[in-house]
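Each remark here refers to the structure printed beneath this line.
Nothing in this text is a laboratory measurement; each read-out follows from the coordinates by a stated rule. Computed from a prediction, not measured in an experiment: that's the story for all the values here. When we count neighbours, we look across all protein chains shown, and the Cβ atoms used for this are built from the backbone with ideal geometry, even at glycine.
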Amino acid sequence: MTDIRVVETLRSASYEGVTLSFGTVDVTNQVVSFLRKRLGSGEVLGEEPLDLPPRELRTRSVWYTVPAEVLTQAGLEWADVPGAAHAAEHAAIGLLPLFATCDRWDIGGVSTALHEDTGECTVFVYDGHPGGAGFAERGYARGAAWLQATRDAIASCECTTGCPSCVQSPKCGNGNEPLDKAGAVRFLDAVLATGLATASAG
Ligand SMILES: [Zn+2]
Ligand SMILES: [Zn+2]
């Protein structure tokens with residue numbers, strides 16, 4: 001599991017409730033267990049607990065917060081929010097390399113239906129290098145285009161419930177669960193409809 005804390009907000013802009021921010025975060029990765037899978041079929045054979053110290057990373061992140069009213073307008077039930085936000089996070093990680101010169105392995109993400117620092121549903125995408133490497137900052141600067149491209153990539157993918165081309169991530173710490181492809185499109189439509197889509201062109 002990955003825990004992320006906001007240390008300092010350096011920049012932010014709000015659009016009818018949705019706030020896009022850039023700043024310093026502490027990311028703590030605690031690998032608590034891993035799934036043993038059968039090679040080929042991917043069948044889960046069992047879960048092995050691990051007892052490792054948490055790894056900590058102070059870096060830069062871009063994040064956006066989505067208030068409950070916007071989630072309701074998107075037609076998302078509270079139970080749908082974790083899967084929708086998680087799928088939107090994965091797809092955003094996959095699309096950031098089009099806007100920042102990075103590889104998806106250079107960045108990480110965390111999504112949560114209720115983050116203790118923001119008090120709202122929050123999606124973070126952070127630089128995987130200590131101190132940050134400019135990728136999250138680029139994501140912040142190109143926020144509107146990046147999230148629009150993320151939404152379009154999910155919506156146009158021909159799979160039915162999500163695949164590695166859209167919302168699945170090869171490095172998900174949660175075994176790609178939960179993921180809600182259709183919910184992610186509604187989630188991002190609602191986020192972009194706040195005016196974010198046309199606001200930041202920088
Ligand atoms: Zn897909
Ligand atoms: Zn994940």
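The listed peptides 152-163, 13-24, ordered by packing as a protection proxy, come out as 13-24, 152-163 (highest mean of other Cβ atoms within 10 Å first).
Is the range 81-169 rounded, prolate or oblate when judged by the Cα gyration tensor, a ≥ b ≥ c being the square roots of its eigenvalues, rounded requiring a/c under 1.5 and prolate requiring a/b larger than b/c? Kindly include the intermediate steps, with their values, before the conclusion.
Numbers: a/c = 1.71, a/b = 1.13, b/c = 1.51.
Oblate, because a/c is 1.5 or more while a/b does not exceed b/c.
Between the listed residues Pro54, Asn29, Ala133, the Cα displaced farthest toward the positive end of the dipole of the chain, a dipole computed from Cβ unit charges relative to the Cα centre, is found at Ala133. If you put +1 on each Lys and Arg Cβ and -1 on each Asp and Glu Cβ, how big is the dipole of the chain around its Cα centre, in Debye rounded to 20? I would put it at about 540 debye. Would the range 46-202 count as rounded, prolate or oblate if I go by the C-alpha gyration tensor, calling it rounded below 1.5 in a/c and otherwise prolate when a/b exceeds b/c, oblate otherwise? Rounded, since a/c falls under 1.5.
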